[in-house]
Structure formats: C-alpha cells, structure tokens
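Enquirer: Sharing a structure here in structure tokens format.
The values are calculated or read from the model by the stated rules, or taken from the named source; none is laboratory data. Computed from a predicted structure; not experimentally measured. Using ideal geometry, Cβ is built from the backbone for each residue, glycine included, and neighbour counts are taken over all protein chains shown. Surface accessibility is based on the protein's heavy atoms, side chains included, excluding ligands, DNA and RNA. Shrake-Rupley method; radii C 1.70, N 1.55, O 1.52, S 1.80 Å.
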Amino acid sequence: MRSVLVRMAARLLLRSATRAAVYSRRPLPSAAVVRGLASGGIPTDDEQATGLEKIVLQASKKGTDPYSILKPKEYAGSKQDPHIVPSITNKRMVGCVCEEDNTAVVWFWLHQGEAQRCPSCGAYYKLVPHELPH
Ligand SMILES: [Zn+2]
C-alpha cells in the first residue's frame with residue numbers, strides 16, 4: 001500500500017515538474033527519503049519501475065535530474081549567480097519564495113534570453129535550454 005502511495009506521489013511530482021519550478025530555501029522531502037521499504041518480499045521501485053519512472057530512477061542514481069523533479073540547486077540569485085531554470089521551451093513559470101518564511105509564492109513567467117528579476121524581491125533568474133531524454 002505504502003509503495004503504491006509513494007509511486008503515485010512520484011507521478012504527481014513528475015506531472016507538476018513540467019509546469020513550474022519552485023525555488024525555496026526550505027528543503028523539500030526528497031524521493032529518496034520516502035523510498036526503500038524493501039523488506040518482506042515487496043518488490044522495490046527499482047525492481048518494478050518501467051518507462052518514464054525507470055528513466056528517472058536510473059538518472060537520479062547518476063546524480064542527474066532530467067525532468068527537474070528534485071529541489072533546484074542552490075544559487076545566490078544575484079546578477080553574477082542567477083537561479084538557473086532549465087526549460088524545454090522558451091519560457092517557464094517560476095515560483096519565487098522571496099523570504100524563507102513567506103507563505104505566498106510569487107509566480108512569474110521567465111523567458112529565454114537575459115536574466116530576469118523576481119518582481120517582488122529582485123532575485124535573478126536565468127532560463128537555460130534543456131532537452132529531455134527520449
Ligand atoms: Zn522573489
């Protein structure tokens with residue numbers, strides 16, 4: 001039951017990954033933490049994953065994140081070190097949690113080209129082209 005829930009969560013994550021990138025300083029629970037209930041003859045995700053889920057699992061073992069489902073890396077958000085936002089198109093919706101304890105997320109479209117600033121806190125964001133594995 002639990003592993004089914006975990007897999008559903010992973011799928012939800014995957015689905016939302018193509019919509020928006022949320023940048024928060026608060027660590028999000030990683031998929032690795034909720035996995036690994038492998039004792040007692042229940043097949044692990046590793047053993048029964050197929051398709052897209054398998055691709056993501058294998059990639060995460062190599063430390064890559066082709067579908068941007070993990071928490072984004074840390075950047076200063078300054079002009080010299082903007083938040084890097086991978087995108088498969090020429091724009092992506094970005095959610096900025098401006099201050100650590102903010103409950104509201106500032107959403108805006110980030111377009112390809114020069115780095116853009118969050119309209120609220122002024123943090124820099126830059127879109128970089130990203131290709132999905134097929
Ligand atoms: Zn902001």
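Enquirer: Looking for whichever is surrounded by 15 or more Cβ atoms within 10 Å (Cβ to Cβ), hydrophobic (A, V, I, L, M, F, W, C) and closer than 30 Å to Ala49 by Cα here; the options are Leu127, Leu132, Leu70. Which one fits?
Expert: The conditions single out Leu70.
Enquirer: Residues of the range 100-111 being at pLDDT below 95 and either open to solvent by 80 Å² or more (accessible area, probe 1.4 Å) or within 8 Å of the ligand (Cβ to nearest atom) (or both), which ones?
Expert: Those that are at pLDDT below 95 and either open to solvent by 80 Å² or more (accessible area, probe 1.4 Å) or within 8 Å of the ligand (Cβ to nearest atom) (or both): Glu100, Asp101, Thr103.
Enquirer: Another one. Hey, can you tell me all the residues within the range 76-99 that are within 14 Å of the ligand (Cβ to nearest atom) and either over 18 Å from the mean Cα position of the chain (by Cα) or in a strand (DSSP E or B) (or both)?
Expert: Result: Ser78, His83, Val85, Met93, Val94, Gly95, Cys96, Glu99.
Residue-by-condition table, conditions (1) among the hydrophobic types (A, V, I, L, M, F, W, C); (2) within 16 Å of the ligand (Cβ to nearest atom):
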{"site": "Asp46", "(1), (2)": "no, no"}
{"site": "Gly63", "(1), (2)": "no, no"}
{"site": "Arg117", "(1), (2)": "no, yes"}
{"site": "Val128", "(1), (2)": "yes, no"}
